[in-house]
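Right, one structure below, let's go through it.
Please treat every number below as a calculation from the coordinates, not as lab data. Being a predicted model, the structure only gives us computed values, none of them experimental. For neighbour counting, all protein chains shown are included, and Cβ atoms are generated from backbone atoms with ideal geometry for every residue, glycine included.
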Amino acid sequence: MSRAPSRLSADIDFDKEGKQTGFVRLPHSVHRSAYGWIPIPVTCIRNGEGPRVLLTAGNHGDEYEGQVALMKLVRSLEPRDVRGRIIVLSAANFPAAMAGTRTSPIDEGNLNRSFPGDPNGTVTEQIAYYIESVLLAQSDFALDMHSGGSSLMYVPSALARRFDEPEKTKRSVELLRAFGAPVGYLTDAPQGADRTLTAGAERQGVTCMGTELGGSGTVTPAALRAGEAGLRRVLGLVGALTDPPKEKPPETRLMEVRGWDYYVYAPDSGLWEPLVELGDEVAAGQPAAAIHFPDTPWREPTIAKFARAGTVICKRIPGRTERGDCLFHLGTPVKL
């Protein structure tokens, strides 16, 4: 059964040779603009036959490293640099990106929990539907650039799915090694996994990987360097550049992130005191954080503990926390 058409449309032609910039138009009728549309910036660079690549950032609007890396890339790439076609959405959830928030200020939609989307749904669901049914449907490879946003900080990392098929997992490892982030990890199906852009790519038969490039609502030089260089190396690996980078990628520490025991959550609401730092090696049962209570300062803090051993690759940033907030997550050496 054919899928319903998307209500979104691009004002550029993805089949045209050369470099084009424009907007994906999302019809949006509101009080101040009866026949208006939301402009999602899009760039398409095409040069003959070759791989069809989709690059996205701003899937969460407060994750800035990927947005900056892709904006710099579209300004620097020309058709002569490209084999095949590269489509770039540097602010995929445009309302969230403009607000600097994880979710959309229009509908509170989390784009990376909205796939496969709905052509007649909320603004965020319509964006997800367009990305999956139109852009991913005509792509061979996708790279979705994330970071920790306002609430988390990562050791700069690249990530890809672990598959039941050994050859697919081998390809994931090749991509992680080519990206060359300090950490490259394989993941099983995380929370909401069937509703992510990665899941949409799998449904469309598209090879996909992602990043977690720092975070804390900032852009650090180290994370941005890792993102920009890794992006070009991966584009070279998939054959999308006429002159791919020739330098050897830095060593990446291959890890895996699997079940819920890799995560530590706040057991109470209050002010949280981290007891470990990013990059630390921890043991099962080791104290991870103390939750203090400003309203009853004489009360002893609640202690959150690690459920397993591993390396701390992600840490919560805001000092205030509520029960259920993620405080840390771990990685462990990968066994292939």
Quick check on my filter: what residues within segment 246-285 are touching a helix residue (DSSP H, G or I) at 6+ places or on another chain (Cβ under 7 Å) and either surrounded by fewer than 16 Cβ atoms within 10 Å (Cβ to Cβ) or hydrophobic (A, V, I, L, M, F, W, C) (or both)?
L254
Kindly state which strands (runs of 3 or more DSSP E) lie completely within segment 259-336 and contain at least 2 residues that are aromatic (F, W, Y) and within 23 Å of the chain's Cα centre (by Cα).
263-265
Which ones in segment 154-205 are within 26 Å of E251 (Cα to Cα) and aliphatic (A, V, I, L, M)?
V155, A158, L159, A160, V173, L175, L176, A178, A181, V183, L186, A189
Just the residues that are of a type in the set (G, A, S) and touching an Asp or Glu at 6+ places or on another chain (Cβ under 6 Å), please, taken from segment 97-111.
G100
Of all the residues that make up segment 1-22, how many are touching a residue at least 60 places away in the same chain (Cβ under 8 Å), closer than 20 Å to I86 by Cβ, of a type outside the set (G, A, S) and surrounded by fewer than 15 Cβ atoms within 10 Å (Cβ to Cβ)?
1
All positions within segment 156-167 that are without any contact (Cβ under 8 Å) to a residue 12 or more places away in the chain and either under 16 Å from the mean Cα position of the chain (by Cα) or surrounded by 15 or more Cβ atoms within 10 Å (Cβ to Cβ) (or both)
F163
Hey, can you tell me all the residues within segment 46-70 that are more than 25 Å from V155 (Cα to Cα) and surrounded by fewer than 24 Cβ atoms within 10 Å (Cβ to Cβ)?
R46, N47, G48, E49, G50, P51, R52
On the given criteria, is E78 surrounded by fewer than 23 Cβ atoms within 10 Å (Cβ to Cβ), charged (D, E, K, R) and either free of Cβ contacts under 8 Å to residues at least 24 places away in the same chain or over 15 Å from C44 (Cβ atoms) (or both)?
no
Checked P41, P105, P5 against criteria (in a strand (DSSP E or B) and of a type outside the set (V, I, T)); the one match is P41
Apart from one, (1) under 18 Å from A97 (Cα atoms); (2) out of contact with any Lys or Arg (no Cβ under 9 Å at 6 or more places or on another chain); (3) of a type in the set (A, V, I, L, M, F, W, C) all hold for W37; the odd one out is (2)
Looking at segment 164-184, can you tell me whether even one residue there is closer than 18 Å to K72 by Cα and in a loop (DSSP other than H, G, I, E, B)?
no
Restricting segment 116-140 to residues that are over 18 Å from D13 (Cα atoms) and more than 19 Å from the chain's Cα centre (by Cα), the one surrounded by the most Cβ atoms within 10 Å (Cβ to Cβ) turns out to be V123
